[in-house]
1. Translational diffusion coefficient, Stokes-Einstein: compute it for the chain using the Kirkwood radius over C-alpha pairs as Rh, at 37 °C and 0.692 mPa s, and state it as an integer in µm² s⁻¹.
2. If the chain between S113 and K271 were fully stretched, how many nm would it gain, using 0.36 nm times the residue separation less the Cα-Cα distance?
3. Can you tell me how much longer the chain between S330 and R30 gets when fully stretched, taken as 0.36 nm per residue apart minus their C-alpha distance, in nm with one decimal?
4. Just to check, using Stokes-Einstein with a Kirkwood Rh over alpha carbon pairs, what's the diffusion coefficient of the stretch 267-361 at 37 °C and 0.692 mPa s in µm²/s?
5. Greater than 21 Å separation of Cα atoms is the criterion. Which listed pairs, K28/K55; K232/K341; K28/K263; K55/K358; K263/K358; K66/K232, meet it?
6. Charges at C-beta only: +1 for Lys and Arg, -1 for Asp and Glu. How large is the resulting dipole of the chain about its Cα centre, in Debye rounded to 20?
7. Assuming 0.36 nm per residue, please report the length gained on full extension of the stretch E304 to D187 beyond their Cα-Cα distance.
8. To the nearest 0.05, how large is the calculated FRET efficiency for R9 and E351 if R₀ is 45 Å and r is the Cβ-Cβ distance?
Amino acid sequence: MNDFVQTFRDLIVQIATPNSTGTGFFIKDRGLIVTNHHVVEGNRAVVIEGARFAKQLVRVRFTDPKYDLAFLEGPKNGPELPELRLGVDKTLHERDAITAIGHPFGLKFSVKSGIVSNTREILNGIPYLHIDAALNPGNSGGPLVDNDGEVVGVNTFVMQNGDNTGFSLPVRYLQASLDDFKQLGADTASRCPACLNVVTEKTVEKNFCSHCGHRVELPNTVEEYEPSGVPKTIESLIGQIGHDVPLSRCGPNAWEIRQGSAKILITYHDKSGLLSADAILCEIPKENIKPLYEYLLRENYTNEALTLSVHDQDVILSLLIFDRYLNEESGMDMLRILFEKADHYDNILVEKYGASWKVEE
């Protein structure tokens, strides 16, 4: 593994909104997290989490729909994080080695190595870096790094149905946006997609750019997200149980909650009309497993709505509800039981049956 990868492990940021998930990276000297605009579009604030700081809500401070860039405020109350270098003065060539780094919610830190296939793939008038590193949509907003450990691009998108075909915005566009934002000294700003001027509250008139008249939406004027239907019911239940609703969001129709030592994942599958809630409790022991399985079977016999199961090494407590049976009263009863039992079962499984606490990646 390249020497710089461990440094980036600390700087990579997981990003989640009610609409999407993606990757970002922290630039210490600017105090900002860089990501793609399409990852955070339509949100004033997003959920972030990193290897060295806890999950938290941060504001979107800059958006750039033209170059698909966005800046978020840096993590609060976090440890001292390392510096990274922007390779603005680098000249890339075809077949230069690169590394794409990402860490979307729900997936492990990923490092994809490859080469530059084309240094000027013109798309929408922008000369992207065409790379052969195998990207996935969750890599959006992550850094593209050369063998010197310098950021040479921002991974922007992957070609659908294209094997090992990804595109990265050259770092000079990121540097220009960082400088434009800093020069204005504004709390929030956005680049006008028409005239490309960066505008602030002082240069926007009723959401229109004062330079060219094109519509511009500043991050702090974005309409707050309001769920409807079943997601609205789910978020109401999460709040009533006593958890932070915005902080629990981890993607489209998905929520992640900590209850004691258990992690609970709630997902609404709108096509099938099924709500699933899975509490990941602990990991099975390597020896003397039979008593643990016997205990799980006995508990499943007496539990009405909940099911204990083993997936790979994880012991999981699950709840399934069809949306036609879901209302605030029934949902509250079942989710409250799941939350209480999750924190109850993992202690028993670890203390009495030799299971291990789940190791977080």
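All of the numbers you see were taken from the coordinates with simple rules; none came from a lab. It should be emphasised that the depicted structure is a prediction, and the values quoted were computed from it without experimental measurement. Here the Cβ is made from the backbone with ideal geometry for all residues, glycine too, and neighbour counts use every protein chain on show.
1. Values: Rh = 22.3 Å.
Roughly 148 µm²/s, to the nearest whole number.
2. Working: separation 158, 0.36 × 158 = 56.88 nm, distance 3.60 nm.
Stretched fully, the S113-K271 segment lengthens by 53.3 nm.
3. On the way: separation 300, 0.36 × 300 = 108.00 nm, distance 4.82 nm.
Going from the current span to full extension adds 103.2 nm.
4. Numbers: Rh = 14.1 Å.
Calculated translational D: 232 µm²/s.
5. From K28/K55; K232/K341; K28/K263; K55/K358; K263/K358; K66/K232, over 21 Å: K232/K341; K28/K263; K66/K232.
6. Working: 35 positive and 50 negative charges, 95 e Å.
Rounded to the nearest 20 debye, it is 460 debye.
7. Working: separation 117, 0.36 × 117 = 42.12 nm, distance 5.24 nm.
The span from E304 to D187 would gain 36.9 nm if fully extended.
8. With a Förster radius of 45 Å, E is 0.90.
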